[in-house]
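Q: Below is a structure I'd like to ask you about.
The values are calculated or read from the model by the stated rules, or taken from the named source; none is laboratory data. Here the structure is a predicted model, which is why all the values come from computation and not from measurement. Virtual Cβ from ideal backbone geometry, glycine too; neighbours counted across all protein chains shown. Heavy atoms of the whole protein, side chains included, go into the accessibility calculation; ligands, DNA and RNA do not. Shrake-Rupley method; radii C 1.70, N 1.55, O 1.52, S 1.80 Å.
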Amino acid sequence: MAWLETKGHVYRIRFRFQGRKRVLPLRCRSRREADDCLSRFEEQTRLIDRGFIETPPEDVDVGLYIISGGKRNERASKSVTASVTTVATLFDAYLAKSPNGAKEESTLLTEQKHISHLRRLIGENIPLHEVTALTLQNYIDRRLKEPDHYGRSLSSRTVKKELSKLAYVWNRFGVTEEIVSQPAPTTRLIYVKERSKPPFQTRAQIERRIARGKLRNRGTLVVDVPDVT
């Protein structure tokens, strides 16, 4: 007996074989693919029961052996994972299809920096179906502990821009090109709240605030003094 289950965005086949519960992770990007894998798995199991395929030896992964039609681990693993789309696969395909001269050099440089950080901290070889909201939350937490190029604390705005780039490449490119079937898990992420910038004020408004004692003029530096009334 075999059935499908999901853990996050990962599809798995749960099954019993020789009295033991077992699991086979699937490298699938959609429910339809997972259903096809389950059908193939059940058909191969019936062939084993009828003697057309040898019973799995003790030294192999039973799930891979069954779904691959009796192949040994190494060949079975290659056949099942050959179509896995990783973080690196997605970004490489995106950069390869970006037309030359379509973006300003400064824009292209910023984009490449964002992608470099994403690949570095998420992991290039991570399959996209294993990238979850928790994965991206961990990215945020780790990235905010790193300094910017001035040695100062990195701002949440910068990290948001990096994940916006991931969402764009994933949703606007990856889904359109059918590289990935599900949208990026970039919703409900938590960022450190930053102090908002004061609204724009004219020179006359600033001078009036200084006169009222709301601002202090320290040479060329004007410091905002909060109300305490």
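Q: With the requirement that a residue be under 14 Å from Lys71 (Cβ atoms) and charged (D, E, K, R), what does region 47-58 give you?
A: Residue satisfying the conditions is Glu54 alone.
Q: Anything in region 24-46 that is in contact (Cβ under 8 Å) with a residue 12 or more places away in the chain, over 21 Å from the mean Cα position of the chain (by Cα) and within 15 Å of Ser68 (Cα to Cα)? List them, or say none.
A: Listed by number, the residues that qualify are Leu24, Cys37, Leu38, Arg40, Phe41, Glu42, Gln44, Thr45.
Q: For the subset of region 39-69 comprising residues that are more than 20 Å from Pro25 (Cβ to Cβ) and of a type in the set (Lys, Arg), which member is surrounded by the most Cβ atoms within 10 Å (Cβ to Cβ)?
A: It comes out as Arg46.
Q: From the residues in region 109-166 that are closer than 14 Å to Leu189 by Cα, hydrophobic (A, V, I, L, M, F, W, C) and in a helix (DSSP H, G or I), which one is most open to solvent (accessible area, probe 1.4 Å)? Walk me through how you get there before you give the answer.
A: Here is the first cut: in region 109-166, the ones closer than 14 Å to Leu189 by Cα are 131-144, 156-157, 159-164, 166.
Then keep just the ones that are hydrophobic (A, V, I, L, M, F, W, C); that gives 131, 133-134, 136, 140, 144, 159, 163, 166.
Now drop any that are not in a helix (DSSP H, G or I), which leaves 133-134, 136, 140, 144, 159, 163, 166.
On the way: Ala133: 43, Leu134: 116, Leu136: 1, Ile140: 0, Leu144: 36, Val159: 0, Leu163: 6, Leu166: 6 Å².
My answer is Leu134.
Q: To continue, here is another question. With respect to Gly69, determine if the residue is farther than 26 Å from Asn125 by Cβ, part of a loop (DSSP other than H, G, I, E, B) and at pLDDT below 80. Steps first, answer last, please.
A: Numbers: farther than 26 Å from Asn125 by Cβ: yes; part of a loop (DSSP other than H, G, I, E, B): yes; at pLDDT below 80: yes.
Yes: the conditions hold for Gly69.
Q: Quick test for you: out of Lys97, Lys103, pick the one residue that is without any contact (Cβ under 8 Å) to a residue 40 or more places away in the chain and either among the basic types (Lys, Arg) or within 29 Å of Leu26 (Cβ to Cβ) (or both). Steps first, please.
A: Numbers: Lys97 fails: without any contact (Cβ under 8 Å) to a residue 40 or more places away in the chain.
Only one candidate qualifies: Lys103.
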